[in-house]
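Colleague: Can you keep this structure in mind? I'll have questions shortly.
Read the figures in this text as sums done on the coordinates, not as results from a lab. Keep in mind that what you see is a predicted model, and the values were worked out from it rather than measured. Please note: Cβ atoms are built from the backbone with ideal geometry, for glycine as well, and neighbour counts cover all protein chains shown.
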Amino acid sequence: MRSTIGALVFYLAVMGCSAANAAGSIIKIGPAADIQETLQEALILAEPGSTILIPEGLFQFTGALSLDVPNITVRGAGRDKTILSFKGQISGSEGLLITSDGARIEALAIEDTPGDGIKAKGVDQISIIDVRVEWTNGPDAKNGSYGVYPVESKNVLIDRTLVRGASDAGIYVGQSQQIIVRNSVAEFNVAGIEIENSYFADVHDNISTHNTGGILIFDLPNLPQKGGHSIRVYNNKSIANDTANFAPPGNIVGTVPRGTGIMVMSNHDVEVYGNEMGENPTVNMLIVAYPNEFDDDGFNPLAQNIYVHDNIYGRGGWDPDGAAKEQILPKTGLPLPDIIWDGAVDGVWSAFFGPNSGDAIHIKEKEGTSFANLDFVYDMIVPWDAGIDRDITNYGGSIPPREAIILPQEKTGN
Amino acid sequence: MRVLYSVLVALSLITGSLTATAAPVNDETILQPRPARLLSDYNLFVGASAQTPNVGVHPFALRQPLFTDYAHKFRFFYMPAGSKAQYSETEVFDLPVGSVLVKTFAYPADFRKPAENIRLVETRLLIHQKSGWNAWAYVWNEDQSDAVLKVAGKSFPVSWIDSAGETQNITYGVPNKNQCKGCHILAKKFTPIGPKARNLNFEFGYPGGEENQMAYWLRNELLTGAPPLDKIPTVAALEDTSASLDKRARAYLDINCAHCHRLEGPASTSGLFLTYSETNQAALGYRKRPVAAGRGSGDLHFDIVPGDPDTSILIFRMASTDPGIMMPELGRSVVHSEGVALLRAWIKGLP
């Protein structure tokens, strides 16, 4: 059953003869019918440091692929030329699972996985470059959950990647640290780009469009890593996110209103600047606390020390959806303002006099940018004085600039 | 399975006193960093197709086994002569370098006659080498004379008649090396799962007669650091209706889920922790929201809704065979109806 190449690689590895697959060597996968087996065998038997080349072509897989050898590059002939289709997958909950450090996946496409597209768990230095992950039938609740999904990883690079049709998040980085997501496109997903329970991320020069929500910075309770912080979202375009939410309801992104540009939920030390937001029917920029009840003493549900500045706002808020329609629209009327903060703060003192410095929301935008602090907490305490604060000048100040993330895999030219 | 093993031993005794003449277990092959190509190269068996163990290879069973598409399993352990395993009250025993854990997966043609027409499909070896544990899968050949190493996995059709007389057809999946690690990784180290005190402490049908496995290990000086037998923990069997639902369900979750669903395991990211000793209700899934379940959530909001199995994600995922939804992710292609029934009853009774 095994192809000649597969058999050869296997034979050499077993015999301890490393001439053909020493570190830095190149393993070419033939366009054989049994690529499932030959590619998986190469992924297992490659010596650390090898490059595995997959030729141009459309290849069908029935099971998940997995990589657990360090410092392996898997390279196709281009993200529209080398296509790994998982349409007929019967086992495994992702297309490609990576658990080894120093992985680089490049110039290929993963299509139609029943589960996640590419998942990297517990990896130090994962690079996804010029990759496409797509569900070819468009937005559908039956599509897999995440397109590109590094979790519990550090030194994460996602560059020039395209994700379409994920039923949860297109590009999803969870419980990770030291992250760059750049020059990528996310469209027709529920969440375009989502950074969740993560520290030190630069999300820049991406285009997020026709998702339910464009760019989400979230933090959730009851997880090993929480308290997301130190995130910069800059020079992105989050435009026309107008796809109805098609996530299965139990998931947190299932609560995201259709038409949200950039959304920060809990987290602290987040800087959002130089982005272009527009044609988002619910709201361009939304800052909120975690909305559900939770049982986790170590979790801070609030969005704190957020700095939103020098963004460009197009049309937004003319047709709010979901919770925004039910809870925000009655307070603000139409259209919803460009920037909305729920006003959730930690206690009575902050409700009356504003959060302590270091916990506050700071906004510096061009004159004419509309804003509302919904004063949810204040209104609970003094319902007879219920109202919203639209005066953007009450929210001056800034947070100290943070240095750009630099990843080791880029320093070494890997 | 117990019955089957005794029958097999009896058969091998009739066909000749193999144990007296067979070559010993091949310690040298066991310690080679590269795996042997054939299962027979290790000399773990004197009658491989009958699963008759060589000298120093001991059979064992787990009170609650991992469900693997209804496969019957023959388990053995081997330790180098004179060495002992280190006891642990909560974790898997620490077997010395040179040890092998052996698990053969088999399907009797008719589950109502489990000792007849048995097809061996796969034997997995966990070998403890100097560099750590290693896992290798050997797939049995057509004539059942030997099994051949398979590194990249394999799938093939298997069928049997189940205990209700129905024919079952599945695509059996032999895991590749990475998939082995998918369950066997604990705090970044490859680790065995099954042989824990609580899951071994019960009566087993040895060739010489019934005996508590822990008593057998102690009597044969295979274990060090163990407390007296009455201080060793135990768990309830799935079908043991004299034990509480809670005890049976927690033991089921422990062996089927907790190797991944624990802080040190591959599903740490979920925050759902199902080890036998877990006491934090949110970590156990009680009204816990999913994190990255995607469509695995099945439009439901909580992992476990006490009193309501129908709205518990845990049940939804156990009852699915869709690779984007099902749990466990690996090792099954059919639903374990008995397991689902147990956990449904357990959740229904939760306050």
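Colleague: Within 10 Å of each Cβ of A:83-89, how many other protein chain Cβ atoms are there on average?
Modeller: For this peptide, the per-residue mean of nearby foreign Cβ atoms is 1.
Colleague: On average over all directions, what projected area in square nanometres does chain B have, based on the convex hull of its Cα atoms?
Modeller: Average of the hull's projected areas for chain B equals 17.4 nm².
Colleague: Going through the cross-link list B:LYS130/B:LYS247; B:LYS73/B:LYS181; A:LYS121/A:LYS142; B:LYS154/B:LYS288, which pairs have a Cα-Cα distance over 28 Å in this structure?
Modeller: Violating the 28 Å Cα-Cα cut-off are B:LYS130/B:LYS247; B:LYS154/B:LYS288.
Colleague: Still on this structure: Quick one: give the max-minus-min coordinate of the C-alpha atoms of the stretch B:207-351 along each principal axis, largest first, in Å.
Modeller: Principal extents (largest minus smallest coordinate, Cα): 53, 31, 31 Å.
Colleague: Hey, got the Cα dimensions of chain A along the principal axes, in Å, largest first?
Modeller: Projected onto the principal axes, the Cα atoms of chain A cover 80, 39, 38 Å.
Colleague: Let me ask another. Taking θ as phi - 60°, what are the ³J(HN,Hα) couplings along the stretch A:279-285 by the Karplus curve (6.51, -1.76, 1.60), each to the nearest whole Hz, with x for Gly and Pro?
Modeller: After applying 6.51 cos²θ - 1.76 cosθ + 1.60, I find 6, 9, x, 8, 6, 6, 9 Hz.
Colleague: With axes computed from alpha carbons, what is the tilt in degrees of helix A:4-14 against the longest principal axis of chain A, rounded to the nearest 10 within 0 to 90?
Modeller: The angle comes out at about 90 degrees.
Colleague: Per residue of A:249-259, how many C-beta atoms from partner chains lie within 10 Å of its own C-beta, taken as a mean?
Modeller: Per residue, the average neighbour count from other chains is 4.
Colleague: Which residues' amide hydrogens lie under 5 Å from the amide hydrogen of B:ASN212, considering only partners 5 or more residues apart or on another chain, with H built in the peptide plane?
Modeller: Under 5 Å from the amide H of B:ASN212: B:PHE204.
Colleague: How big is the gap, in Å, between the Cα center of the stretch A:157-206 and the Cα center of the stretch B:52-109?
Modeller: 44 Å
Colleague: Give me a comma-separated list of calculated 3J(HN,Hα) values for the stretch A:377-393, in order, Karplus coefficients 6.51, -1.76, 1.60 applied at θ = phi - 60°, integers in Hz, x for any Gly or Pro.
Modeller: Taking θ as phi minus 60°, the curve returns 6, 4, 5, 5, 7, 10, x, 6, 10, 4, x, 10, 10, 9, 7, 5, 6 Hz for the stretch A:377-393.
Colleague: Turning to a different aspect of this structure: Please provide three numbers in whole Å: the alpha-carbon extents of the protein assembly as shown along the principal axes, with the largest listed first.
Modeller: If we take the Cα atoms of the protein assembly as shown, the spans are 95, 59, 47 Å.
Colleague: Which of the GluC sites (Glu not before Pro) found in the stretch A:316-403 are loop residues per DSSP with 16 or fewer other Cβ atoms within 10 Å of their Cβ?
Modeller: When the GluC sites (Glu not before Pro) of the stretch A:316-403 are filtered for loop state and at most 16 Cβ neighbours within 10 Å, A:GLU367, A:GLU403 remain.
Colleague: With a cap of 13 neighbouring Cβ atoms within 10 Å, and only residues DSSP puts in a loop, list the chymotrypsin sites (Phe, Trp or Tyr not before Pro) found in the stretch A:286-336.
Modeller: Within the stretch A:286-336, the qualifying chymotrypsin sites (Phe, Trp or Tyr not before Pro) (loop, at most 13 other Cβ atoms within 10 Å) are A:TRP318.
Colleague: While we're on this one: Quick one: what are the phi-derived ³J(HN,Hα) couplings along the stretch A:334-348, Karplus 6.51/-1.76/1.60 with θ = phi - 60°, whole Hz, x for glycine and proline?
Modeller: Here the 3J(HN,Hα) series is 9, x, 4, x, 4, 10, 10, 10, 6, x, 6, 9, 9, x, 5 Hz.
Colleague: Write down the percent of antiparallel bridges among all DSSP beta bridges whose residues are both part of the protein assembly as shown, to the nearest 5.
Modeller: Taking every DSSP beta bridge with both residues in the protein assembly as shown, the antiparallel ones total about 30 percent.
Colleague: Do the sum for chain B: with -39,500 (n - 2.57) for every DSSP H run of n ≥ 4, divided by all residues, what is the mean residue ellipticity at 222 nm, to the nearest 500 deg cm²/dmol?
Modeller: When only DSSP H runs of four or more count, the value is -5500 deg cm²/dmol.
Colleague: Is it possible to state the helix-based mean residue ellipticity at 222 nm for chain A, with each DSSP H run of 4+ residues giving -39500 (n - 2.57), the sum divided by total residues, to the nearest 500 deg cm²/dmol? What is it?
Modeller: Dividing the helical sum by the residues of chain A leaves -2500 deg cm²/dmol.
Colleague: Over chain A, what is the relative contact order in percent, taking alpha-carbon pairs closer than 8 angstrom and at least six residues apart?
Modeller: Relative contact order, chain A: 8 percent.
Colleague: How crowded by other chains is A:169-178, given as the mean number of beta carbons from other chains within 10 Å of each beta carbon?
Modeller: Per residue, the number of nearby Cβ atoms from other chains is 1 on average.
Colleague: Right, next: Points 7 angstrom from Cα along the Cβ direction at A:ARG402 and B:ARG37: gap in nanometres?
Modeller: Simple spin-label model gives 5.5 nm for this pair.
Colleague: Right, something else. Hey, can you grab everything whose amide H is under 5 Å from the amide H of A:ILE26? Only 5+ residues off in sequence or another chain; H modelled, so Pro and N-termini drop out.
Modeller: Hits under the 5 Å cutoff: A:THR51.
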